[in-house]
Amino acid sequence: MLEPRIFKILQEIVGSENVTAEDADRLCYSYDATQQKFLPDAVVFPADAEQIALVLKMANAEKIPVFPRGAGSGFSGGSLPVTGGIVLVTTRLDRILRIDTENLVAEVQPGVVTEQFQQAVEKLGLFYPPDPASLKFSTLGGNVAECAGGPRCVKYGVTKDYILGLQVVTPQGDIIKTGGETMKGVVGYDLTKLMCGSEGTLGIITRITIKLLPLPEAKKTMLVIFDSIDGAAQGVSAIIGGKIIPTTLEFMDAATLECVRQATGLQLPAAAKAVLIIEVDGDKELIERQAQQILQIVAPLGVVETRVAQTAAESEEIWKVRRSVSASLRKVNPDKFNEDICVPRSRVPDMIREVEAIATRHAIPIVNFGHAGDGNIHVNVMIDRKVPGQLEKAEKAIEEVFAAALKLGGTMSGEHGVGNTKSPYLPMELDPAAVTYMKAIKRALDPNHILNPGKIFLD
Amino acid sequence: MSKHKNLHDLEDQIRQCVKCGACQAHCPVFAEHKREPAVARGKIALAHALLDQDLPLDERFVADMSKCLLCGSCFDKCPNLVPTDEIVAAARREIAERRGLSNFAKVVGQVVKRPGLMKIGLKGAGAVSRLLFRKVPQSSGLRLRFPAPWIAPDRVLPEIPTQTFRDRHPQFIPGGEGRPTVAFFTGCMLNYMYPQLGDALLKCLKFLDISVYIPPDQGCCGLPSITAGDGRTVEELAERNLAAFSQGEPHTIITACASCNIGMGRHFASLGERQAEIGGRVRDALVVLEREGLARKLARLPKKEQRIKVAYHDPCHLRTQGITKEPRALLRALPGVEFVEMEGADRCCGLGGTYSVYHWETSKKIGDRKAPGIEKSGAELVATACPGCMMQLQDIITRAGLPQKVVHVLELVARDLPE
Ligand SMILES: Cc1cc2nc3c(=O)[nH]c(=O)nc-3n(C[C@H](O)[C@H](O)[C@H](O)COP(=O)(O)OP(=O)(O)OC[C@H]3O[C@@H](n4cnc5c(N)ncnc54)[C@H](O)[C@@H]3O)c2cc1C
Ligand code: SF4
Ligand code: SF4
């Protein structure tokens with residue numbers, strides 16, 4: 001419970017209609033996409049950086065935890081008020097401040113929804129590539145804080161590759177500017193990169209300066225069906241070895257295809273054991289040539305069938321298959337643990353084999369799909385919570401999946417971050433000195449430990 | 001017996017929500033409020049909390065559940081197919097059961113249950129409409145001269161006819177030998193306020209030699225009472241429609257109103273086995289016309305020299321069933337029409353049954369987001385497939401000071417049919 005005195009201060013800062021401690025609101029800001037539940041004491045909806053600075057100053061003085069939140073679509077619990085306290089929602093900071101078509105730079109507030117920004121720049125012939133699957137509802141602030149990625153990252157990189165500068169409210173309530181608008185800049189530490197992926201633990205992002213690209217002229221989508229996961233994986237290496245970097249290289253394993261087949265009635269040849277969805281973009285003539293080259297490169301690798309989209313509608317049909325995956329997994333089991341490990345590209349088949357072994361060992365279905373082009377695999381452990389013992393099995397399996405990824409030179413999370421769901425596993429990946437180094441930064445910037453406590457590190 | 005599912009019956013569906021947040025991209029109410037209790041995920045969490053007795057059924061709960069258009073956009077796009085609209089409807093019934101019906105719901109219930117009442121009311125209204133309403137410049141609509149409860153003073157209403165659709169036509173209109181027969185569920189708005197839409201439909205069916213049966217004892221589809229949480233009235237109406245459509249052959253049942261289509265389709269079908277069988281036969285008129293080859297036939301006619309530019313608005317209750325192509329195919333095929341796609345065609349108009357009554361200001365804001373797309377399209381007419389949307393769209397257009405008129409696709413098709 002927040003003291004009435006504190007509530008009153010919050011009301012003065014953001015206006016009484018923009019702070020609430022009603023039970024219904026507390027409940028509605030107690031969860032994110034991880035389905036955990038932690039009730040906050042209050043929820044505030046500030047209008048600008050100045051109000052956020054005042055909230056943080058007060059929180060410091062009173063030692064009350066503050067949890068930044070965008071759309072609450074996080075997959076690692078990053079926005080959850082694990083210790084109680086104040087959830088600070090950025091949805092009112094939702095303006096695109098400017099799009100500079102001359103310097104290919106844009107400036108936005110953190111609450112802008114990713115897709116809405118993309119549509120706005122595309123209208124001007126410009127391009128913001130990072131495309132997390134949640135782009136229709138996630139916020140750019142959340143994307144920066146998690147350093148979100150997506151299918152297009154094979155060619156275009158992740159969110160941090162497009163962030164030139166930020167305005168940040170520090171945990172102690174100062175408003176600072178990091179980076180700038182220039183394509184180069186080496187004065188001082190690169191705090192912009194430090195903030196990218198900091199999961200709301202080092203400051204609250206209140207303005208984002210974004211680098212844009214010219215919008216590619218066209219794109220071409222292909223669906224290639226293989227008779228083995230190795231064929232698909234070799235295909236990925238061969239395409240990139242052939243000096244073509246496609247925009248996307250998405251794969252689905254046999255278990256995934258089976259789910260999609262059952263859920264959507266998708267027609268696939270019986271021999272289909274893996275699928276790659278490959279998209280190239282750029283100059284019209286270039287992509288025609290690249291598409292031909294790609295098909296030639298993969299042809300000897302056990303290709304059962306290829307479908308090349310000739311129209312936008314056909315391309316949409318192909319992507320529909322990919323997008324139906326998430327929902328069709330429910331056919332296997334009602335509850336899903338979605339981990340997003342990442343391994344060096346060439347180790348994808350090894351990783352899939354490891355996962356298959358883990359699934360067999362624990363006798364629970366594990367379904368894999370994801371971004372083969374950058375080795376980022378979504379490993380979905382499917383269980384039914386209601387069946388006794390399954391949850392424990394899943395936890396054990398997940399730990400083994402992480403261990404396997406690390407053994408192959410990979411990481412526990414390519415996109416979703418640590419939050420509170422992966423913090424117990426952090427020591428598996430980071431050596432103690434590195435953790436100490438990180439904690440020293442956190443302690444120096446947030447001595448009272450009020451900004452998003454309980455995340456990334458266990459203590 | 002027709003029987004509703006209550007919140008307890010829907011518990012599995014409530015648990016199916018994985019809190020991904022995807023509905024934030026599709027909920028028109030959330031787009032205005034930007035607060036979690038307004039979005040499907042929040043409403044489900046609140047309903048869940050009520051079931052678990054973590055939250056009381058208080059004023060706040062009532063207010064949160066009222067903030068839903070039952071448009072189904074969230075259900076359509078939910079990766080886990082959580083039927084938030086059904087869950088909210090069940091929550092509203094729960095509210096009504098525990099706290100009694102709102103006065104508004106009571107009035108709605110009386111009107112929809114007694115067609116006679118509506119007819120007398122309208123007969124009178126036809127005569128006195130000049131007195132009650134004033135004509136809105138540049139629109140085919142009227143505005144109330146005097147304040148009336150539950151009708152916002154600035155709402156534009158259609159002119160009211162003196163004879164209902166069902167009174168204008170026989171119960172059976174034969175088509176060609178060996179050709180199909182359809183049963184026509186007219187719905188209230190079409191029957192009482194927009195009979196010309198029904199006339200247009202009959203003309204189209206005649207052109208295709210399709211026989212039409214118009215069951216005389218049919219009633220309201222129940223959607224107004226569903227949105228008002230009046231489960232008992234819905235069940236009563238369902239009994240009447242069950243009887244009206246149980247007779248004779250199991251023909252396809254057509255509707256010319258997107259909301260009736262959902263009401264008689266999805267909602268009615270959820271009330272029992274017999275209802276599911278009947279609900280499963282409900283089709284939108286445009287879909288039937290398209291399947292029967294009308295677009296192909298129309299496309300063969302010589303194009304007219306003077307063609308009207310027409311844009312199309314997707315009613316949520318058709319769009320969420322995947323019905324978006326058929327109306328456009330018909331419009332594209334028309335010799336007298338130049339079809340233009342407009343930006344935001346799939347945006348909700350903001351009507352949503354009781355929603356626009358309790359939340360007229362937000363309802364207007366939701367609707368007004370359509371205005372720029374309508375303006376930019378350069379269309380002279382905005383066509384749609386739902387009388388409710390027609391009323392709301394005309395309102396939006398008038399408010400924005402735009403010149404467009406709103407029509408039903410059927411009216412345009414009927415106009416372009418060869419004599
Ligand atoms: C269906 C689905 C698909 C997804 N697909 C992808 C994907 O393909 N790739 C991917 O990378 N992720 C994906 N995600 C995860 C998630 O969408 C991303 O992490 C996204 O960036 C989170 O944005 P948000 O606005 O929802 O942030 P929230 O979940 O609200 O917050 C996420 C973190 O950011 C912090 N934060 C939010 N705003 C600020 C701010 N202004 N300043 C400082 N910190 C802030 C929070 O404290 C929290 O730690 C997916 C999620 C879902 C549900
Ligand atoms: S209702 Fe559907 S889309 Fe919305 S959060 Fe729940 S599962 Fe996701
Ligand atoms: S039915 Fe419509 S208004 Fe209601 S929650 Fe779903 S999308 Fe929002």
Assuming residue B:36 fulfils every condition listed in (1) among the charged types (D, E, K, R); (2) within 15 Å of ligand 2 (Cβ to nearest atom); (3) surrounded by 18 or more Cβ atoms within 10 Å (Cβ to Cβ); (4) in contact (Cβ under 8 Å) with a residue 12 or more places away in the chain apart from one, which condition is it? (4)
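Can you tell which of B:31, B:45, B:49, B:25 is outside the structural domain of residue B:260 (by TED's automatic domain parsing), within 16 Å of ligand 1 (Cβ to nearest atom) and within 29 Å of residue A:386 (Cα to Cα)?
Working: B:31 fails: within 29 Å of residue A:386 (Cα to Cα); B:49 fails: within 16 Å of ligand 1 (Cβ to nearest atom); B:25 fails: within 29 Å of residue A:386 (Cα to Cα).
When all the criteria are applied, what remains is B:45.
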Quick one: is residue A:75 away from ligand 3 (no atom under 16 Å from the Cβ) and more than 13 Å from chain B (Cβ to nearest Cβ)? no
Take residue B:70 and decide whether it is at pLDDT 95 or above and either in contact with a helix residue (DSSP H, G or I) (Cβ under 7 Å, 6 or more places away or on another chain) or in a loop (DSSP other than H, G, I, E, B) (or both). no
Residue B:29 fails exactly one of the following numbered conditions: (1) free of Cβ contacts under 8 Å to residues at least 40 places away in the same chain; (2) more than 10 Å from ligand 2 (Cβ to nearest atom); (3) in a helix (DSSP H, G or I). What is the number of that condition? (1)
Just need a number here: residues in region A:90-148 that are in a loop (DSSP other than H, G, I, E, B), charged (D, E, K, R) and within 13 Å of chain B (Cβ to nearest Cβ). 5
Hits in region B:32-53 - residues which are at the interface with chain A (Cβ under 7 Å from one of its Cβ atoms) and in a helix (DSSP H, G or I): B:36, B:37, B:42, B:45, B:46, B:49
Of the residues in region B:379-419, those that are modelled with pLDDT of 95 or more and among the hydroxyl-bearing types (Ser, Thr, Tyr) number 1
Going through region A:33-43 one residue at a time, which ones are within 12 Å of chain B (Cβ to nearest Cβ) and either out of contact with any Phe, Trp or Tyr (no Cβ under 6 Å at 6 or more places or on another chain) or of a type outside the set (A, V, I, L, M) (or both)? A:34, A:35, A:36, A:37, A:39, A:40
Can you tell me which of (1) within 11 Å of another protein chain (Cβ to nearest Cβ); (2) part of a loop (DSSP other than H, G, I, E, B); (3) within 11 Å of ligand 3 (Cβ to nearest atom) is the one residue B:64 doesn't meet? (2)
Taking the stated definitions as given, is residue A:83 more than 9 Å from ligand 1 (Cβ to nearest atom) and more than 22 Å from residue A:194 (Cβ to Cβ)? yes
Criterion: under 30 Å from residue A:248 (Cα atoms) and among the aliphatic types (A, V, I, L, M) - qualifying residue of A:444, A:404: A:404
Only residues that are farther than 18 Å from residue A:165 by Cβ and aliphatic (A, V, I, L, M): list them for region A:82-125, please. A:82, A:86, A:87, A:88, A:89, A:113, A:120, A:124
Here are some conditions: (1) within 15 Å of ligand 3 (Cβ to nearest atom); (2) touching a residue at least 40 places away in the same chain (Cβ under 8 Å); (3) surrounded by 19 or more Cβ atoms within 10 Å (Cβ to Cβ). Residue B:81 meets all but one. Which one does it not meet? (3)
Every pair of residues 6+ apart whose Cβ atoms lie under 6 Å, when the first sits in region A:128-140 and is over 15 Å from residue A:75 (Cβ atoms) while the second is within 16 Å of ligand 2 (Cβ to nearest atom) and not charged (D, E, K, R): A:136/B:25
Strands (runs of 3 or more DSSP E) wholly inside region B:236-315 containing at least 2 residues that are surrounded by fewer than 23 Cβ atoms within 10 Å (Cβ to Cβ): B:308-312
Mind listing whichever residues of region A:243-263 are free of Cβ contacts under 8 Å to residues at least 24 places away in the same chain and under 16 Å from residue A:368 (Cα atoms)? A:257, A:258, A:261
Unmet requirement for residue B:2, which otherwise passes all of (1) surrounded by fewer than 23 Cβ atoms within 10 Å (Cβ to Cβ); (2) more than 13 Å from ligand 2 (Cβ to nearest atom); (3) at pLDDT 95 or above: (3)
Residue hits (region B:39-78; more than 10 Å from ligand 2 (Cβ to nearest atom), surrounded by 19 or more Cβ atoms within 10 Å (Cβ to Cβ) and closer than 14 Å to residue A:22 by Cβ) are B:46, B:55, B:61, B:64
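Can you name every one of the helices (runs of 4 or more DSSP H) wholly within region B:92-202 that holds 1 or more residues which are modelled with pLDDT of 85 or more and touching a helix residue (DSSP H, G or I) at 6+ places or on another chain (Cβ under 9 Å)?
B:165-168
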Output yes when any residue across region A:171-186 is over 26 Å from residue A:417 (Cβ atoms), of a type in the set (Val, Ile, Thr) and free of Cβ contacts under 8 Å to residues at least 12 places away in the same chain, and no when none is. yes
Among the numbered criteria (1) within 16 Å of ligand 2 (Cβ to nearest atom); (2) in contact with a strand residue (DSSP E or B) (Cβ under 8 Å, 6 or more places away or on another chain), which one does residue A:25 miss? (1)
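Does residue A:46 satisfy the criteria of being in contact with a helix residue (DSSP H, G or I) (Cβ under 6 Å, 6 or more places away or on another chain), more than 19 Å from residue B:24 (Cα to Cα) and crowded, with 21+ Cβ neighbours inside 10 Å?
Working: in contact with a helix residue (DSSP H, G or I) (Cβ under 6 Å, 6 or more places away or on another chain): yes; more than 19 Å from residue B:24 (Cα to Cα): yes; crowded, with 21+ Cβ neighbours inside 10 Å: yes.
Against the criterion (in contact with a helix residue (DSSP H, G or I) (Cβ under 6 Å, 6 or more places away or on another chain), more than 19 Å from residue B:24 (Cα to Cα) and crowded, with 21+ Cβ neighbours inside 10 Å), residue A:46 qualifies.
State which residue is farthest from the other protein chains (Cβ to nearest Cβ) when the search covers only region A:13-32 and only residues that are outside any strand (DSSP E or B) and closer than 23 Å to residue A:203 by Cβ.
Looking at the filtered set, the residue picked out is A:13.
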Which numbered condition residue B:19 misses (of (1) within 12 Å of ligand 2 (Cβ to nearest atom); (2) basic (Lys, Arg); (3) within 23 Å of residue B:366 (Cβ to Cβ)): (3)
Residue that is modelled with pLDDT of 95 or more and not assigned by TED's automatic domain parsing to the domain that holds residue A:372, where the choices are A:294, A:318: A:294
Cβ-Cβ under 9 Å pairs, at least 6 apart or on other chains, region A:198-211 side touching a residue at least 60 places away in the same chain (Cβ under 8 Å), far side acidic (Asp, Glu) and buried (at least 24 other Cβ atoms within 10 Å of the Cβ): A:199/A:146; A:200/A:146
Could you please let me know if residue A:78 is crowded, with 24+ Cβ neighbours inside 10 Å and in contact (Cβ under 8 Å) with a residue 40 or more places away in the chain? yes
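The values are calculated or read from the model by the stated rules, or taken from the named source; none is laboratory data. These numbers come from a predicted model, not from an experiment. Backbone-built Cβ (ideal geometry, glycine too); neighbour counts: all protein chains shown.
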